[in-house]
Each structure stands twice: as structure tokens, then as C-alpha cells.
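> Have a look at this one before I ask anything.
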Amino acid sequence: MDFCKQHAKRTAILLAGLFTLIVSPVAAFDVHHDLRIVLDPVGSRLEAVDTLTIGPAAPVDVVLQLSNKATGLDLKIDGGSAAFTFDNGRLRLKTGKAKGSDPIRISLAYTAVFDDPVPVMPANTDNPGYGVSATISPQGTLLLFGAGWYPHIDAERVTFSLNVEAPAGVIAVTAGRSLGHRTDGDRTFSAWVIDHPVRGLSLSAARFQVREESMGRVTAATYLLPQSADLSEAYLAATGRYLQLYESLFGPYPFDKFAVVENFFPTGFGFPSYTLLGSQVLRLPFIIDTSLGHEIAHCWWGNGVFVDFSGGNWSEGLTTYVADYLYTERGSDEAGRAYRQQILRNYAALVSPPADFPVNRFKGRNDPVTKTIGYDKSAMIFHMLRRHLGEEAFWGALRDIYREYLFRTASWDDLRHIFERRAGKPLDDFFEQWVRRAGAPRLGLENVTANASEGGWRVRGEIVQQLPVFSFEADLSLRTEGHLHNQRVRVSGHRTPFELRAADRPLVLEMDPGTDIFRRLEPEEIPPSVNAVKGATSVLVILSADATPVLRAAAETLVAGLGLVNFRMVRPERVHRSELEKNDLLFVGYPAEPAVLAEIAGKVTLARHSFVLDETGYADPGDAFFGVFRHPFAPGRSAAVFLPISDRSTDAVARRVTHYGKYSYLAFSEGQNRAKGTWPVTASPLTYAWPQS
């Protein structure tokens, strides 16, 4: 799912669908936490006692990472008092034992107040954690790894016993296996054991209603707030389907349970053996069919096989490919092609060449650029690898990776070695150009000819690449009067000549008809879209002359939701033609600029207090339109129009537009989407059509 991330220095990165950690190489010793905490939601307070058993190869000098908010620290080693220093989130102590001696027991008691402000109605979801790393409140508790809510030490194998005490009815959930929840008087106790290695532990607590269902050796569970209890059955059933699918593809599910846990503000996190979804997110109609499976797939990739972040985060792209993409592909070949085509459109619209970077530098998502490279481009790399190796080698390699690296750290290079083993050939050139290099090929067809010859027709031409050049295999498809001819060509260098023969008169030649190659689209191939506005380097926001204070506030919400950084908000009478030419444009209210209205004509009919889209008229006070069009003065830029009929529902629509990134136009009624679509694309440098006589 696409809602995630956070922190700095060696901190937590919250990935869409996956909460992971940028970690230094783990030390070659084991750690077990016996962690007991008491939650005080009214005071946003946590009281904790953590007993760490480290060894037997424990270091002489131990460094524990703990939040600066921790106070009243009381530390003992093997039951005796010990000296320590605590500064800038690092607690340092000497064990007093030689390295390699018997295990040591460090007991640390402390208290801390965690009260990160929680967003009420966030407009932008590029950081799905909204900066919240730790908060304890009557509405709920969220303690993310990286917030330092317990003392962390890097180790080869880290396990936990966790006991949480909270006010009656407040149930805690985390990774691992539940030992049960019990209420005694005015207190509720939750016990967990995490005996599989984890790179970090997060915790949620609220007044959950718990439902569990056995699915063989795995327990499926929901931890939902009372108002969402009706969703439990559908989520449990879907969990069972996804577990069955991924066990058939990769191997046995690595945990004891998978739980769907409700958060009290909108998030979409994936942790080892559970996902944390906000109340509003849970009810979105597409979540069960897409995002839930994405989070479950992360139990194999990212939370099962760990990521070596020093060489880039491969897990988001792989999870996107075997979840979001795979579901679409299984629907139909055309749906799979449309998904891949959207990846190319996202890349062209959101990632400018100066902002581009290699996939192996992706750590986690924090804006549209990092999401597009780390999720979309990376998924396309796995698609090209699958196409290059074939079904048996590709899926077999994934099973090998899972079996050999479960609860171990794997890098892009580790993946490459296993794919090479299955392929029986080196793949370094493939990984070099797609993983370690930025950019994508820019392609076209040139010098295409068709000559009648003895026995048929001979079609010749060249596949042309702009610098820098890539090397790959691409399909050519030639449609003639009676047949369809397909041929695979090895493309390399600036110009690659090709020749096809056909018995009938050629009609249309197309390169890469299945959209199987990752490339940078040309401007004529990119329909104007919401993503084009989100990816704009500079935007002029033009308020209509009659804009009300409510509309101006909605414009500010819209700008925040789209994640615009370099923008200026002006009235139309203060805009010069030169400014229009230098910026992407966002008109809020009726656009009085004649050139923009001329560009819009034929696609949608706009009036000051109504609009017509797809032959449907909208004139009610709660109706609103958002559309993106070609810029009338600057090729390659876009002009967008946000036209609410009145102030009613204006703010709600302004918050929703950003979620429809791939679309060119949207119509809303009372804040709910009623129509959406993309302007058609009629030209491509990879298509050549012969004139028909």
C-alpha cells in the first residue's frame, strides 16, 4: 500500500506497505528482550522494564538506543548496579566481562512521555506516518520502531517476550504470537512472544474487538475498533486467500499469525505478521483486493527476507510486482499492459531527469519521485527479468531466495546471484544498467520502409536510442492486411537495424507492443494527468477573481495535497504572459484565460457555475471538476483547472484529488467521485503506420 515513512540519521523508514529500518551490519550475537510496559493513555506515559539477555558473544562495550524522552533510568547488570552514560539517544555502558564469556543480563527501568500530534484531516499522504513515530492517547497508542520506546541493540538475532498492562479494555498487539489478553479489575494485560528474529518492534494498543480464525498452522486475526467490527469477516476471508496464493508461489508463511489491525488515524503500515490500517483506509473499497495482499506479501519480502539497505531496498519493487501488478495481470493481458503503461506514465510525469537516481539508492518512499523509482521502476525491473529468464527460472529463483535468506539480510547482489544460478548465465549487465544506473532509454523508429519483393514484402528500419544507450530485447509487431507478425530484436547502441518479411501489404509497425520495456515516454505519449501537476517543477496557482475565502482555503489544501513546493498563488489580474509561459498552471475557479479555454474545448464544457463531462451535466452546489490539459504556451507543461460549483464540499474534494494521480479528469458530487478518466493518446514514436491509398 501506498501510505508510508520517517526519521533521520540511522532511523526508521516507513515504507508504503512496509515499515523497515536502515541498519548497520548486525553484530554476531543474540539478544532476547523480556519487556514489560505499562501504558497510561491519559498522561501519554509509558513505564517500562526491559531485561536484555545478550550473548554469549556480547561486546565489552554496549550501546543501547533509547528515546531522549526516557527519564528516571535505573540500570543493572546481572542484578548489580552499573555505571552508564546517556546522551543523544545513546546509552553506553561497559559489561565488565571479556568478550565471548557467558551471557549477560542488563535490566533497564525508565519512563517516557510519547505525545506526537496526530493528524485529524491530512491533505498529503506522501508520508503516511505523518511524522507520528510515537503517541500514547485515549484514542489509541502507536509506538514505532525508531522512536526509541524500548532499548534497541543491533544483533544477529533479536527476539522478545512482551507484556503490556493498560486500562481495562485496551488491548495491545505487535509482531509474533499472542499468548492471550485478560482483564483483571480495571486493568487489561496482553502477552506476546516474538521468537522469530525481527529487525525492530512496533506496538499498537486500543479498545480492539479481537476475532481469530485458524487457517491450518496460521492464525488469521482482526483487531478492529467497535465501529469497524463488521469488516472482520471480509478481511479474514481475504487473508486466507492471500496466504494460500503466496505459499504456492514462494513457500510456507514464516509467522504464526497475520493480523489486520485498525489505527485511529489514517495509516497503511506493514510489520512482521500484521498490518496497521487507519479506520478510513479500512473502508476504502479497493483495499481488500490490492493493498491487503501487498502487506501480506511483505511477510515474505522485507519482513521475512530482510533488506540490506546499504545496497538499496529491493523489497518494495518486488512486493509491488507480486501483489498489485500480479493481481492486475491475472485479470487479463490487456489489464497487465495498462498497468505497465501507467508505470511509464508515472515515471515520465513525476521523475524529471535531474531528480532521477539509481534504484540501488532507494531506501524508502518520502515523495512521488522516490515512490516512482523504488516501487514502480523496481517492479518493472522484475517484470523485465521475468520476461528475460522465463517463468520457471524466475519463480524458482524467488523460492530459492526465500528458502535461503529467510530471517537473513539480502542485497540486490544476493538476488542477482540466485537469479544467475537459475538462469545458468551471468546477469551483471542487466543489473548494471537497470539497478545501478539512473535513467531509462528514449526510443524511436526511423527510416522505416516497406518494399514489395519476390514472394511478399520486406520491411526495414532502425530502432534509435538517445544517449545514454541501453541494451535489451524488444518485440516488433507488424500488422499486415492478413496477418500479425512478431519478431524479437536485440537492441543495443545508438541505432539498431531490423528487417521483417511479410506476405501481405504492411499496415502498422509497432515496437514493444506489450509495453514490456522500461523507458522514458516522449511528451506526445503522456496524457495530461494529476501526476503531471504533482511532478511539476514550478506551479502558478491562479485564483479566480471572484474566489471566496473558502475557495482560497481549499486552494491551499489542494496545493498541500499535491505536494507542491515551488508554487506561487496569485489573482488573474496580476499575471503576466511571461509567467504563464514559465510555469505549470493551476486555475482555482473558472479560468478566464482564453488560451486555456481553447485547449479545454472539445474535452469538457466549463461555465462559471456548471460543467458538462462525458455528456453529463453538473450544476448542483456540491459538484466539482478537476482536469489537467496541455499547456497552451509551453510544450511539455500542463494546465489544471479546479472548478467547484460552490463552496460546499470544496475542501473535501481538494483533499481527494491527490489520490487520483493517473487520471486526467475527475468529477465529484458532495465530495464523492462520480467520474474519472484519461485523455486518449494517439501518437507514439514507436508506432509507424503506412498511408492507406
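The values are calculated or read from the model by the stated rules, or taken from the named source; none is laboratory data. The model shown is predicted, which means the values in this text are computed figures rather than measured ones. For neighbour counting, all protein chains shown are included, and Cβ atoms are generated from backbone atoms with ideal geometry for every residue, glycine included. Accessible surface areas use protein heavy atoms only, side chains included; no ligands, DNA or RNA. Shrake-Rupley method; radii C 1.70, N 1.55, O 1.52, S 1.80 Å.
> Can you tell me which residue is surrounded by the most Cβ atoms within 10 Å (Cβ to Cβ) among those in region 152-175 that are over 29 Å from the mean Cα position of the chain (by Cα), assigned to a loop (DSSP other than H, G, I, E, B) and in contact (Cβ under 8 Å) with a residue 24 or more places away in the chain?
Val170
> In addition: What are the pairs, 6+ residues apart or on separate chains, where a residue within region 528-547 that is in a loop (DSSP other than H, G, I, E, B) has its Cβ under 6 Å from a residue that is among the polar types (S, T, N, Q)?
Pro528/Ser638; Pro528/Ser664; Ser529/Ser664; Ser538/Asn566; Ser538/Asn583
> Go through region 379-492 and tell me which helices (runs of 4 or more DSSP H), entirely inside it, have 1 or more residues that are among the β-branched types (Val, Ile, Thr), surrounded by 14 or more Cβ atoms within 10 Å (Cβ to Cβ) and under 24 Å from the mean Cα position of the chain (by Cα).
391-405
> Sticking with this one: Report whether or not Asn360 is in a loop (DSSP other than H, G, I, E, B), within 19 Å of the chain's Cα centre (by Cα) and either modelled with pLDDT of 95 or more or surrounded by fewer than 22 Cβ atoms within 10 Å (Cβ to Cβ) (or both).
It is false that Asn360 is in a loop (DSSP other than H, G, I, E, B), within 19 Å of the chain's Cα centre (by Cα) and either modelled with pLDDT of 95 or more or surrounded by fewer than 22 Cβ atoms within 10 Å (Cβ to Cβ) (or both).
> How many of the residues in region 548-562 are open to solvent by less than 30 Å² (accessible area, probe 1.4 Å) and either assigned to a loop (DSSP other than H, G, I, E, B) or among the β-branched types (Val, Ile, Thr) (or both)?
2
> Give just the number: which of (1) without any contact (Cβ under 8 Å) to a residue 24 or more places away in the chain; (2) assigned to a strand (DSSP E or B); (3) surrounded by fewer than 12 Cβ atoms within 10 Å (Cβ to Cβ) does Pro497 not satisfy?
Among (1) without any contact (Cβ under 8 Å) to a residue 24 or more places away in the chain; (2) assigned to a strand (DSSP E or B); (3) surrounded by fewer than 12 Cβ atoms within 10 Å (Cβ to Cβ), Pro497 violates only (1).
> Restricting to region 635-650, count the residues that are surrounded by fewer than 20 Cβ atoms within 10 Å (Cβ to Cβ) and over 17 Å from Pro527 (Cβ atoms).
Total satisfying the criteria: 3.
> Can you pull out every residue in region 521-558 that is touching a Gly at 6+ places or on another chain (Cβ under 8 Å), under 30 Å from Gln466 (Cα atoms) and of a type in the set (D, E, K, R)?
Glu522, Lys534
> Tell me, which residue of region 600-615 that is open to solvent by 50 Å² or more (accessible area, probe 1.4 Å) and touching a residue at least 12 places away in the same chain (Cβ under 8 Å) is nearest to Val530 (Cα to Cα)?
Per the criteria, the residue is Lys603.
> For region 294-306, which residues satisfy the criterion of being out of contact with any strand residue (DSSP E or B) (no Cβ under 6 Å at 6 or more places or on another chain) and under 15 Å from Tyr375 (Cα atoms)?
Passing the criteria: His294, Ala297, Trp301.
> Only one residue in Gly671, Gly627 is open to solvent by less than 20 Å² (accessible area, probe 1.4 Å) and closer than 18 Å to Asn531 by Cα. Which one?
Gly627
> Need the failing condition index for Ser352 against (1) open to solvent by less than 10 Å² (accessible area, probe 1.4 Å); (2) at pLDDT below 95, just the number.
Exception for Ser352: condition (1).
> From the list Leu292, Leu284, which one is aliphatic (A, V, I, L, M) and free of Cβ contacts under 8 Å to residues at least 12 places away in the same chain?
Leu284
> If you don't mind, there's one more thing I want to ask. With respect to Ser315, is the statement that it is modelled with pLDDT under 95, touching a Gly at 6+ places or on another chain (Cβ under 9 Å) and not hydrophobic (A, V, I, L, M, F, W, C) true?
For Ser315, the condition - modelled with pLDDT under 95, touching a Gly at 6+ places or on another chain (Cβ under 9 Å) and not hydrophobic (A, V, I, L, M, F, W, C) - is not met.
> Within region 560-591, track down each residue that is modelled with pLDDT under 95 and of a type in the set (Val, Ile, Thr).
Scanning region 560-591 gives Val565, Val570, Val575.
> Also: What residue, among those in region 130-146 that are hydrophobic (A, V, I, L, M, F, W, C) and assigned to a loop (DSSP other than H, G, I, E, B), is surrounded by the most Cβ atoms within 10 Å (Cβ to Cβ)?
Filtering first and then ranking leaves Leu144.
> A further question follows. How do the pairs read when you match residues in region 570-592 that are farther than 17 Å from Ala547 by Cα with residues anywhere that are of a type in the set (S, T, N, Q), using Cβ under 8 Å and keeping only pairs 6 or more apart or on different chains?
Close Cβ pairs (under 8 Å, with a partner that is of a type in the set (S, T, N, Q)) amount to Lys582/Ser538; Asn583/Ser538; Asp584/Thr537; Asp584/Ser538; Asp584/Ser638.
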